[in-house]
Amino acid sequence: HVTDLIPDLDWYLSISNERGLSPRCQYAAVERCPRFYQSLSLLGRAGSTEIEEAEDKRLLKQWKESDLWPTTREQETSIWSVGGDPRGFINFCPEVAFDRFGHFASYLHRYSDETDTDLAHQRLSRSGMSRNHWGWAWSAVTATHYTECLHYSLLVGRGDSKAAPLAVEPETKAVRLWTQYGRQIVIGVLVTVIAAGIVALLTAVL
C-alpha cells in the first residue's frame with residue numbers, strides 16, 4: 001500500500017505554521033546538531049559533496065565528546081549499501097534528506113530491483129500519483145518533521161544553539177540562579193544604603 005502523503009516543503013511548512021514554529025529547524029547546521037552533521041558527512045561518501053577532511057575530523061571529534069553522540073549502532077545515522085550502491089538511509093536528519101532527495105524523512109529505502117521498481121511505478125500510474133511522490137524513487141519513506149526528532153527536543157531543552165556537554169550544567173544552573181535572585185539582592189542592598197543615608201542626613205539637619 002502506498003500512502004498519498006508527500007513530505008515535501010509545503011507539507012513541512014504547513015506543520016511548522018500550525019505549531020507556530022520556525023519554518024525550518026533552527027539547529028540544522030553541523031556545529032549545532034550531531035545528527036545534521038552525521039547525515040551530511042555520510043552523504044559525502046554516497047555521491048554528494050564531501051565535507052573537507054580536516055573539517056570533518058574536527059567536527060567528528062567535537063561531537064564524539066558530546067553526550068548527544070549515539071551510544072549504540074541502532075541510534076546511529078547510517079547508510080545501508082549493496083555492492084557499494086547506497087540502498088537505505090537510516091536515522092537521517094530530515095533537513096539533510098530534503099536538501100539531497102527532496103523529501104523530509106528520517107528513513108528512506110530504495111526498491112530491491114528493477115522488477116519491484118516497475119511494479120511500483122505501474123501502481124503509481126494507475127493511482128494517478130503526482131510525479132513528486134516519493135514512491136517513484138523509494139519503496140519506503142518515513143516522513144518526519146523536525147519537531148519529531150529526539151535531538152531537537154534535547155537541544156531545545158538546553159536552550160542553547162550548541163550541544164554543550166553535561167559537565168558544564170552545574171555552572172549553567174549557577175548563572176541562572178544569579179540571574180533570578182542576584183538582581184533582587186543588589187536592589188535590596190541599594191535601597192538599604194540609600195535609606196540609611198537619608199536617615200543620617202535628616203538626623204544631621206535636625
Protein accessible area in segment 1-160, 1.4 Å probe - carbon and sulfur %: 49 percent
Express in nm, to one decimal, how much length is gained between residue 118 and residue 82 on full extension, taking 0.36 nm for each residue of separation and deducting their alpha carbon distance. 11.0 nm
Read phi for every residue in segment 72-88 and hand back ³J(HN,Hα) as whole Hz from Karplus 6.51 cos²θ - 1.76 cosθ + 1.60, θ = phi - 60°, with x for Gly and Pro. 10, 5, 5, 7, 6, 7, 8, 10, 9, 10, 10, x, x, 9, x, 10, x
For a protection proxy built on the mean count of beta-carbon atoms within 10 angstrom, sort 27-33, 130-136, 46-52 highest first, please. 27-33, 130-136, 46-52
For a label point 7 angstrom out from the Cα of residue 19 toward its Cβ, which stretches of segment 60-94 have the backbone nitrogen within less than 17 Å? 92-94
Give me the one-decimal nm value for the distance between modelled label points at residue 136 and residue 60, 7 Å along each residue's Cα-to-Cβ direction. 3.6 nm
Using r as the Cβ-Cβ distance of residue 72 and residue 29, and R0 as 25 Å, what FRET efficiency do you calculate, to the nearest 0.05? 0.50
Regression test value, accessible area per residue of segment 6-68, probe 1.4 Å, units Å², expected 57 Å²
In debye, nearest 20: dipole of segment 1-136 around its Cα centre with unit charges on the Cβ of K, R (+) and D, E (-)? 160 debye
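The values are calculated or read from the model by the stated rules, or taken from the named source; none is laboratory data. For clarity, every value in this text was computed on a predicted model and none was experimentally measured. FYI the Cβ positions are ideal-geometry reconstructions off the backbone, even for glycines, and counts take in every protein chain you see. Ligands, DNA and RNA are stripped out before the accessible areas are found, and what is left, the full protein with its side chains, is counted by its heavy atoms. Shrake-Rupley method; radii C 1.70, N 1.55, O 1.52, S 1.80 Å.
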